[in-house]
1. Kindly establish whether residue 50 is open to solvent by 100 Å² or more (accessible area, probe 1.4 Å) and in contact with a Leu (Cβ under 6 Å, 6 or more places away or on another chain).
2. Among the residues of the range 68-99 satisfying the criterion of being open to solvent by 60 Å² or more (accessible area, probe 1.4 Å) and not in a helix (DSSP H, G or I), which is farthest from residue 111 (Cα to Cα)?
3. For the range 92-111, give me the residue count where each residue is free of Cβ contacts under 8 Å to residues at least 12 places away in the same chain and farther than 19 Å from residue 57 by Cα.
4. Is it the case that some residue within the range 16-35 is over 30 Å from residue 91 (Cβ atoms), assigned to a helix (DSSP H, G or I) and at pLDDT 80 or above?
Amino acid sequence: MRREENNRTHKIWYHKAYYSLDCEDGIENCAFDLTAKSPEEILLEQEEEQLFLATLEHLSGAMNSLTDTQARRIHARYILGKKLIEIAAEEGVSVSVVQQTVKSGLKRMRNYFEKEKWKE
């Protein structure tokens, strides 16, 4: 069985036969690139990328609407993945102060997005 498989592989390599009209020998299976994307898939990926970039642009605008402290703490909490206790320890403030700042920053961002939605 191993010898038969090696012979088949050698046959494909020697004849550069990646496809054939004969469906029975299985040579054409090597010709199919199953990782190739269809035009529809490529178009969908491009649309998703444009949507992602637009979302990043809106997020950047929302972050710019925050105070420096709110932006720094929200970035640390959600982008860097730090816990409230870690942020409080780094800045030398209580956890409740950090929690309140993050909460008010998120509320401000929500208001920004609602205003932007009405502009479109």
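The values are calculated or read from the model by the stated rules, or taken from the named source; none is laboratory data. These numbers come from a predicted model, not from an experiment. So basically every Cβ, Gly included, is an ideal-geometry build from the backbone, and we count neighbours across all protein chains shown. The protein model used for the area step is the full one, side chains on, heavy atoms only, and it has no ligands, DNA or RNA in it. Shrake-Rupley method; radii C 1.70, N 1.55, O 1.52, S 1.80 Å.
1. no
2. So, considering only residues that are open to solvent by 60 Å² or more (accessible area, probe 1.4 Å) and not in a helix (DSSP H, G or I), the one farthest from residue 111 (Cα to Cα) is 92.
3. Final tally of qualifying residues: 8.
4. The answer is no; no qualifying residue exists.
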